[in-house]
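Visitor: Quick one: the structure is below, and I'll ask about it shortly.
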Amino acid sequence: MGEANLRRRAPPQEGLREIEVLIYSAQDLKNVKHITKMRTYAEIYVERNVQVARTRVDEHGGPNPTWNEVVKVKFHKGLPERDVMAALNVDIYAHSHVGLEKPVGSARVLLCDVLKGGDAAEPLDNPIQCLTVQVWRESGRPQGWLNLWVPPTGRFLIRRESLSFSVREREKVEEQAAEGLV
């Protein structure tokens, strides 16, 4: 058997699939910034060499960030069927102006656990899964939780505004409550 036969074969050339994921928030993350306030963002991918999506930087949450952002992630179409361990990966980093991004932790969700098909024509029979998954530090210790939503079809079939998790909506309600309007 030659050396060429021992090498791992590249996946067959095929089209890409795109799914939508709502990266909502995280709680109780390890604060890796000891002098300044931790400002976090998340990188989301299935196959890092295909595409990595990124959230905005949360400026205020520190170890409890809220991104509330839908990202689109691409991967090879047949991957979930070929590899039962294929996963949606979320890596969380502490942003730095100097360029020294510090890893905070990572979370994984198996694609076979979230992409269960569903009928795009029947939004009510296609419930969106809200998941809370453990965040793991580089050391292998658990530290914090990540909240995300993944539609079983890979696409949100209802308008995002109807999910009622908008940060702007929450701020507006808080302002109205402070003014005694609610």
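The values are calculated or read from the model by the stated rules, or taken from the named source; none is laboratory data. Just so it is clear, the structure is predicted and the values come from calculations on it, not from any experiment. Every residue, glycine among them, receives a Cβ derived from its backbone with ideal geometry; neighbour counts consider all protein chains shown. All accessible areas refer to the heavy atoms of the entire protein, side chains included, with ligands and DNA or RNA removed. Shrake-Rupley method; radii C 1.70, N 1.55, O 1.52, S 1.80 Å.
Visitor: Output the peptides 142-148, 39-45, 131-137 sorted from most to least packed, where packing is the average of other Cβ atoms within 10 Å over each peptide's residues.
Guide: Averaged packing, sorted descending, gives the order 39-45, 142-148, 131-137.
Visitor: If DNA, RNA and ligands are ignored and the probe is 1.4 Å, what is the ranking of Met85, Met38 by accessible area, most exposed first?
Guide: Met85, Met38
Visitor: Please list, ordered by chain and number, the residues whose modelled amide H lies under 5 Å from the amide H of Val135; skip anything fewer than 5 residues away on the same chain.
Guide: Those lying under 5 Å, H to H, from Val135 are Gln143, Gly144, Trp145, Leu146.
Visitor: Could you order peptides 105-113, 86-94 by the average number of other Cβ atoms within 10 Å of their residues, highest first?
Guide: Peptide ranking by packing, descending: 86-94, 105-113.
Visitor: Ranked by accessible surface with a 1.4 Å probe, highest first, in what order do Asp58, Asp83 come?
Guide: Asp83, Asp58
Visitor: Let me ask something else about it. Given a 1.4 angstrom probe, I'd like the percentage of the accessible area of segment 42-85 that is carbon and sulfur, rounded to a whole number.
Guide: 49 percent
Visitor: Here is a follow-up. Can you tell me what percent of all Cα-Cα pairs in segment 18-146 are more than 17 Å apart?
Guide: 60 percent
Visitor: Averaged per residue, what accessible area in Å² does segment 20-86 show with a 1.4 Å probe, protein chains only?
Guide: Result: 48 Å² per residue.
Visitor: What are the ³J(HN,Hα) couplings of segment 66-81, residue after residue, when phi is run through the Karplus curve with 6.51, -1.76, 1.60 and θ = phi - 60°? Round to Hz, x for glycine and proline.
Guide: 10, 9, 6, 9, 8, 10, 10, 10, 10, 7, 5, 3, x, 4, x, 6
Visitor: Within straight cross-link reach of Lys77, meaning Cα distance under 27 Å, which lysines are found once same-chain residues fewer than 8 apart are removed?
Guide: Output for Lys77: Lys116.
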